[in-house]
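Just below is one structure, and these are the notes that go with it.
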Amino acid sequence: MASGNHPLHPRDWVLLIALSILWGGSFFCVGVALKELPPFTIVFCRAAIAAAVLLPAVLLRGIPMPRRIVGWWPFVGMACLNFVVPFSCLVVGQTFISTGLASVLNATTPLFTVVVMAAAGEERLTARRVIGVSVGIFGVAILRGVDLREAQTGIGVGLCLLAALSYGLSALLARRQLVGFTPLTTATSQMVAAAIITGVIAASVDQPWRLLAPSWPVIVAVVALGTLSTALGYVLFFRIVARSGSTNVMLVTLLIPLTAILLGTVVLREAIGAWELIGAGVIASALLIIDGRVLAWLEPRRWRSERS
């Protein structure tokens, strides 16, 4: 599996943008679903639909799946850290705070990932990455125009930060345990495990069989969550992990609020203001800092030769 200290593969920039669109739309879909469904039922439906979409694709293509219980443990761990814990925290968190603030807090994921990787001895904590991630988080805050008074809702803020930490830990697990698997195998195995775990939680907490039938907008939102944001999203996610590393893929969380605003501008014809443009510029600068290629091009030849 690729290290996260090198720049993103050029083709993965396109996948990263596509993933940010899929996952950026998930915050909107969750907001729609929460109007009629309880949080853990939404989490379960997202996992179950994704597993139902991915599993036939794996079986039809003859891609091997884990056969023994011991072979499932890495995927169970990944399901917990990369889906069950973070998505449950984000969905429950959105019952306390706005979708916009939740997406801003989710953008701290790269910072948690950099710190977790450094603490585990997997990657060196370089100044370039710390500065780049910090600049990116600042850009996201500008982009969303965070109202600091809203941040007084400590439960929602704490849950969203816990989700970001869980994503960071999942990057470490992916680096150490998910080597040699195809993106489709990893995504499918993770979602099958997640569907089982979240099914037990939803049955215990929400008892979804007692709920009223949801409206069509909610059904469409949940189906979009399962098929696009999750099934397709995690295939792209693990493809980027395999080629560019688990730290680099977490940069997607910096792009999610940006793509959400762009979608609102293009699809919903919402006006885009000066702060959105400034925030987008700051995020772009942060991604260039983290990627490192542009800075390397700007370095004098002598300085590069001395470093080598």
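The values are calculated or read from the model by the stated rules, or taken from the named source; none is laboratory data. Keep in mind that this is a model prediction, so the values were computed, not measured. Counting neighbours? That spans all protein chains shown, and the Cβs are built from the backbone with ideal geometry, glycine included.
Structural remarks
- When the range 1-23 is filtered for residues that are modelled with pLDDT of 85 or more and among the hydroxyl-bearing types (Ser, Thr, Tyr), only SER20 remains.
- Selection count where residues are modelled with pLDDT of 85 or more, farther than 27 Å from ARG176 by Cα and surrounded by 18 or more Cβ atoms within 10 Å (Cβ to Cβ), scope the range 54-101: 3
- Top-ranked residue in the range 102-115 [being of a type in the set (Ser, Thr, Tyr) and within 14 Å of VAL157 (Cβ to Cβ); ranked as modelled with the lowest pLDDT]: SER103
- Filtering the range 182-240 to residues that are without any contact (Cβ under 8 Å) to a residue 12 or more places away in the chain, part of a helix (DSSP H, G or I) and of a type in the set (S, T, N, Q) leaves only SER204.
- Here is the figure for the range 216-233: residues that are crowded, with 20+ Cβ neighbours inside 10 Å and either at pLDDT below 90 or farther than 15 Å from ASN82 by Cβ (or both) total 5.
Yes/no per residue for (1) part of a helix (DSSP H, G or I); (2) out of contact with any Phe, Trp or Tyr (no Cβ under 8 Å at 6 or more places or on another chain); (3) farther than 30 Å from ALA213 by Cβ; (4) hydroxyl-bearing (Ser, Thr, Tyr):
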residue	(1), (2), (3), (4)
ARG46	yes, no, no, no
ALA50	yes, no, no, no
ARG67	no, yes, yes, no
ALA79	yes, yes, no, no
PHE87	yes, yes, no, no
LEU105	yes, yes, yes, no
LEU111	yes, yes, yes, no
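- Across the range 24-62, the qualifying residues are those that are aromatic (Phe, Trp, Tyr) and touching a Ser or Thr at 6+ places or on another chain (Cβ under 6 Å), and the one among them that is farthest from VAL205 (Cα to Cα) is PHE27.
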